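Inspection log for the structure reproduced underneath, given as structure tokens.
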Amino acid sequence: MDWFMDLAPVTQALLATLFTWSVTALGSATVFFFKKINQNVLNAMLGFAAGVMIAASFWSLLDPAIEMAEAIGQNKVLIAAGGFLSGGLFLFIADKIIPHLHRSDKPLEAEGIKTQWQRSVLLVLAITLHNIPEGLAVGVAFGAAAYGLPGATLAGAIVLAVGIGLQNFPEGAAVSIPLRREGFSRRKAFFYGQASGIVEPFAGVLGAYAVLSMQSILPFALAFAAGAMIYVVVEELIPEANMGSSHSNIEIATIGCMIGFTVMMILDVGLS
């Protein structure tokens with residue numbers, strides 16, 4: 001681990017987000033073994049991903065943002081609230097502009113600018129769009145750790161990357177397996193699935209570079225990433241986790257969310 005600690009923060013962010021991308025690819029690789037996946041299993045996995053992201057948004061991003069803002073003399077309430085809402089607004093606007101389609105949507109229900117793109121491309125774009133704040137969050141966390149400010153540690157950044165990686169596995173499967181069910185070859189379904197995560201290294205490097213260039217934006221950037229991640233959870237993951245479920249078995253996704261939150265909380269509080 002010493003070799004990793006000696007690397008530049010931008011390089012650390014790149015390697016960490018390459019890891020999160022690789023877990024997306026690992027999830028996508030399940031298409032080589034399954035043509036379909038039990039809906040309850042998928043719902044539990046997506047619920048788990050939602051729980052991880054909720055916990056990470058607070059302990060790894062929003063709480064450190066508040067501590068840092070106070071430490072450098074900024075208005076912690078204004079920075080935390082403004083950054084959080086700005087992150088959500090960014091995803092809201094992106095949703096309205098970039099063409100994409102969720103698993104539960106019909107082709108005519110695609111969001112964003114109207115296009116004639118195939119359903120498969122729109123499905124991949126939905127996950128790709130929502131992977132941006134995940135990569136950004138990891139990059140900002142590694143950039144923040146370089147300053148040694150309260151709440152920002154290298155261990156915390158690593159824990160965040162691990163947590164994002166954990167929740168990327170079901171996301172990769174949630175892209176590839178539906179594509180296989182629609183008639184794509186296993187290789188093509190895998191390719192599209194892993195491609196949905198390729199944006200994370202780019203966003204990670206951008207986030208780390210931005211905060212290293214301008215220390216004053218650190219608290220805002222962390223809160224921004226938290227808001228964007230919570231937007232993804234509420235707008236996509238929770239509805240997707242409850243898709244196809246009757247009222248009696250929605251609890252499966254809820255239990256998955258509780259477990260995911262607990263796992264990420266233990267990792268963050270216990271190891272960072």
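Here are some notes:
- For Lys36, the aspartates and glutamates whose Cα comes closer than 15 Å to its Cα, not counting residues fewer than 8 places off in the same chain, are Glu171, Glu182.
- Helix-only arithmetic for the chain: the sum of -39500 (n - 2.57) across DSSP H runs with n ≥ 4, divided by the residue total, places the mean residue ellipticity at 222 nm at -23500 deg cm²/dmol.
- Sorting 180-190, 57-67 by their mean Cβ neighbour count within 10 Å, with the most densely packed peptide first, gives 57-67, 180-190.
- Span-like helix ranges in the chain, DSSP H, alpha carbon extent 15 angstrom or more, Kyte mean at least 1.6: 218-232, 251-271
- Cα centre as origin, Lys/Arg/Asp/Glu Cβ charges: the chain dipole, Debye: 1060
- Think of the chain as having a plus end and a minus end, set by charges on the Cβ of Lys, Arg, Asp and Glu; of Ala81, Ile97, Cys257, Ile97 sits farthest toward the positive end of this dipole.
- In the range 1-97, a dipole from Cβ-located charges (positive for Lys and Arg, negative for Asp and Glu) runs towards its positive end, and of Ser22, Phe32, Thr11 it is Phe32 whose Cα lies farthest in that direction.
- Set of aspartates and glutamates near Lys96 by C-alpha distance (under 18 Å), chain-local residues within fewer than 8 positions excluded: Asp105, Glu109, Glu111, Glu235, Glu236
- Put the Cα centre of the range 199-266 next to the Cα centre of the range 170-194 and the gap is 22 Å.
- Sorting the segments 131-138, 215-222, 261-268 by their mean number of nearby beta carbons within 10 angstrom, highest to lowest, gives 131-138, 215-222, 261-268.
Every number in this text was worked out from the coordinates using simple rules, so none of it is lab data. Just so it is clear, the model here is predicted, and its values are computed rather than measured. Positions of Cβ are generated from backbone atoms using ideal geometry, with glycine treated the same way; all protein chains shown enter the neighbour counts.
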